[in-house]
Each structure stands twice: as structure tokens, then as C-alpha cells.
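All of the numbers you see were taken from the coordinates with simple rules; none came from a lab. Predicted, not measured: the structure shown is a model, and the values here were computed from it. Methodologically, a virtual Cβ is constructed for each residue, glycine included, from the backbone with ideal geometry; neighbour enumeration extends over all protein chains shown.
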Amino acid sequence: MRRVRFFALALAAVMAAGAAHASPVLLVSIDGLRPDDVREARARGMALPVLTGLAAEGASARGVTGVLPTLTYPSHTTLVTGVSPARHGVANNTTFDPEQKNQTGWYWYAQDVRVPTLWAAAKAAGLSTANVHWPVSVGASGIDANLPQIWRTGTDDDRKLLAALATPGLVARLEKLVGEPYPQGIDESVEGDARRAVFAEKLLAARPQFMTVYLAGVDHAEHRDGPDSAGARAAIEATDAIVGRLVRAARAAMPDVTVVIVSDHGFLPITTDINLFKPFIEAGLVTVDAKGQVVDWQAIPWLAGGTAAVRLARPDDGALVARVRDVLTRAAADPAYRIARILDRAEVAQAGGGREASFVVALKPGAETGRDPLAPIGTPSAYKGMHGYLPSVPAMRSTLIVAGPGIPHGRDLGTVDMRAIAPAIGRRLGARLADAEVPPAF
């Protein structure tokens, strides 16, 4: 106990802040949690005492309208910046790598974010900060105690990588306190979340005035088993208990804390993978070898679950743009491709999608973008649940619950724009996000 107290005091000294603030904030993201899974928990056969209790104690949204695409990394970057992917620059989960030279690299690195984050704004306001496993947090400025999300192979070398990229010495100190290794970044199970939560509790004891925690297990179960499955419901109930531990630890350390629970997207059940590479290959816009490896391209889909951005090698080449538009128009006319809508560059910009996209192809519910360029148009999907669809699809709406000093009990926030969450958190902290695109949600 004395060692725990000493660590908390030492870390609190490192994260000391002198500025006054309205309320410390604990921001917890539950990847893939749908708002009605909380609002209708009992009817869906789930007991969620923590989440339903927080909603009753504070305020909650009927749903949060997300960003284009409704994927984890673009959404989580919006949640800490208050701007769309067009502004913050994280337009997908994985980096654009058509020839697979980067071995499936993700947007792990905060240097890809083009605007200030809540961590930086909080630090500028003189507040202390901490993070556990939040996407796009490697090297993020303004985080005093950072356990970023990162993985490569899932081998023991990943442990060395995390230790090198986390706040210097933090992993070793926390592992000594906890008595077990910090979970591998590639472990996105509920069990991995539960183990990471133990480390988060130790950080909360140091009273960080702004702390972010990311929980991936619900999303993992919904991809594997499908939304509304027994596996998904079990993951949500287990995650409710994990959130309870985090809330108790935060309130024990900081009785005036504001707890904000968010998610990044909803979910849809799927049955079919759609090979969007096929029409590009047939039109000579993509060249692949006998194994399906891309060796050359002029225009190619950048897959995002229920959508795909189409990137052009020469986006200002009018002839190429017209050629690609023709390919997409013909594909959309074929029912086998399950295309719901094609957005051109102006429509993508209006929706706040990534600036790199000349077009976005949106699939119908039940279908996702397949990864095998040599596959038929449609094949059975390995996943049973997916997201990434247009944010206008109601099933893509995500969760917002907030409880803390001055938050009216049981307040209905209606439908909230995801970009409104970060400036609202900034206001609770007494920190300013100058780049936020919409007014605060609460």
C-alpha cells in the first residue's frame, strides 16, 4: 500500500498543474457501443448497472452522428479534436498502402493529426493528463503519462516497442506496481481491456485532470459474432463492469470528476464481401500479379468497411477522373456490387471526408468491402458485423453519456454531432479548442 501511495504521489508531482479548472474529466471510449444497447439494455437481455446508472445520473444522447468514414481511428481523432477527417487528417484506420509496403500499418502516430488535441489544450491550460490505449496517441504532445496504442507483430518485441514509445519509464513502473505485464497492443479482447484497466486505475490514483481510456473488446466481439449476438451482449456486460472500476477509481481520487462515456460508431450485421477492386482491374486502372498483389495503379479503392475512398494517382487529371467515374457508374448499375451511393469529390468534402478521396463508394447494409482482388464480386464474409458506412445511416450512430457536477440528471441531449463532444469536454476542463467546428454538446 505504501508503494502504491508513493507512486501516486510521485506521478502526481510529475503531472502537477497550477491552473484552476471547472472539473477534471475521465473520457472512456467503448468501441462499437450502440446507444440503444444502453437505452434498451433490459429489453435486450443485458444488465448494465454502471452505464444505465451514469445515464440516469447525468445526460445522454439518443445517438451521435459520426464522421466519414465511421471507423475507429478517424472517429477517435474527431473525439479529441472536434473536427472532421478533412481537417484532422486521419481518414482511415490503416494508412494508404496499395502495394502493401508498410505491412498493414495503422494511423498510430499523433504527428499525422493536423490540429491541436484535447491533450494539448489541457496541457496549455496548465492541467495534468494521462492516456491508456487511445488510438492515434503515439508521440501525442500534451500527455504526461502516456500508454499509447501500438502493435506490429504481437511478439515480445512489441513490448519493447511500447516501452520505447510510452512515457519514459512508465510501463516498467506500472508493471512493478500491478505485478503483471501490460497487455499487448494487438490484444483487443475484453480480457485485454480488463487488464489494461488495472493500469488505468493506478494512473487515476495520481489525479490526472484529463484522462483518456480506450476499450476495444465490444467492437472485437461484434465483428466476430455480430451485433445483437450472445457474444456481443456478454462483451458489453463485461465492459460495463470494467467501466465501473474506472469510475470508482476516478471518483475516489477526484470527487468532482466529470465522467464522459463515448463510442466511435454503431454496427450492422453483414453476410457478404464485395470485391471493389474487380472493376478497376478490368478497366486497367489496377494491375495485380498472380497472387493478387498490387504492382501498379492509376486509381484504387482504399477500403473502409462499409465504404471505400477511391484514390487517384493524378487527382487533377480530368480524363482520369472521367474514366473512374464511368467505371463506378457501371459498377453501381450492377446489383451484384451492392452499391448504395457514390460520392464525388465535392460531396466528400461537404461530408468532411478525407481530402485524398476523389470518390467514395458506399455499400448497402449487409455488405462490406472485401480485401481479395482476385475474388468474385461477392463472397461470404468472415466477419459477422461491420461499420464504416456513411454517417447518415442511423445504425452507425454512437454513444454519449456524461455525468458530473452541474450536469442535469436524466437530461436528453437528443442527437449529437460527434464534433461537438471535444469542445464540450474542453469547456468542462477550462481548456479551449480553437479549431472546433461546432458548438459544445453539453
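Points to keep in mind about this one:
- Counting Lys and Arg as +1 and Asp and Glu as -1 over every other residue whose Cβ lies under 11 Å from the Cβ of residue 223, the net charge comes to -4.
- When the square roots of the Cα gyration tensor eigenvalues are ordered a ≥ b ≥ c, the ratio a/c for the range 87-212 is 1.5 or more and a/b does not exceed b/c, which makes its shape oblate.
- Sequence of 271, 129 once ranked by neighbouring C-beta atoms within 10 Å, starting from the fewest: 271, 129
- Shape call, the range 272-382: gyration tensor on alpha carbons, a/c limit 1.5: oblate
- Nearby lysines by direct alpha-carbon distance to residue 101 (threshold 30 angstrom, same-chain neighbours under 8 apart not counted): 160, 278, 291, 384
- The stretch between residue 248 and residue 230 holds 3.7 nm of extra length on full extension. This uses 0.36 nm per residue minus the Cα-Cα distance.
- Modelled label positions at residue 325 and residue 295, each set 7 Å beyond Cα in the direction of Cβ, lie 3.3 nm from each other.
- Extension gain from residue 342 to residue 155, taking 0.36 nm per residue of separation minus the Cα-Cα distance: 63.3 nm
- Summing charges over neighbours of residue 416, with a neighbour being any other residue whose Cβ is under 11 Å away from its Cβ, gives +1 when K and R count +1 and D and E count -1.
- Peptides 406-416, 335-345 ranked from most to least packed give 335-345, 406-416, packing being the mean of other C-beta atoms within 10 angstrom over each peptide's residues.
- Whether the range 139-264 is rounded, prolate or oblate, judged on the alpha carbon gyration tensor where a/c under 1.5 counts as rounded: oblate
- Scalar couplings 3J(HN,Hα) for the range 318-332, obtained by applying the Karplus form with A = 6.51, B = -1.76, C = 1.60 to θ = phi - 60°, are x, 5, 5, 4, 5, 5, 5, 4, 5, 4, 5, 4, 5, 5, 5 Hz; x denotes Gly and Pro.
- Per-residue Karplus couplings for the range 266-274, computed as 6.51 cos²θ - 1.76 cosθ + 1.60 with θ equal to phi - 60°, are listed in order as x, 8, 10, x, 9, 10, 9, 8, 10 Hz, Gly and Pro entered as x.
- Dividing the helix sum by the residues of the chain, where each DSSP H run of 4 or more adds -39500 (n - 2.57), gives a mean residue ellipticity at 222 nm of -10000 deg cm²/dmol.
- Packing-based exposure ordering (other Cβ within 10 Å, fewest first) of 218, 257: 257, 218
- Segment residue 392-residue 141, length gained on full extension (0.36 nm per residue, minus Cα span): 87.1 nm
- Inverting the pair-averaged 1/r between distinct Cα atoms of the range 304-442 gives 18.0 Å as its Kirkwood hydrodynamic radius.
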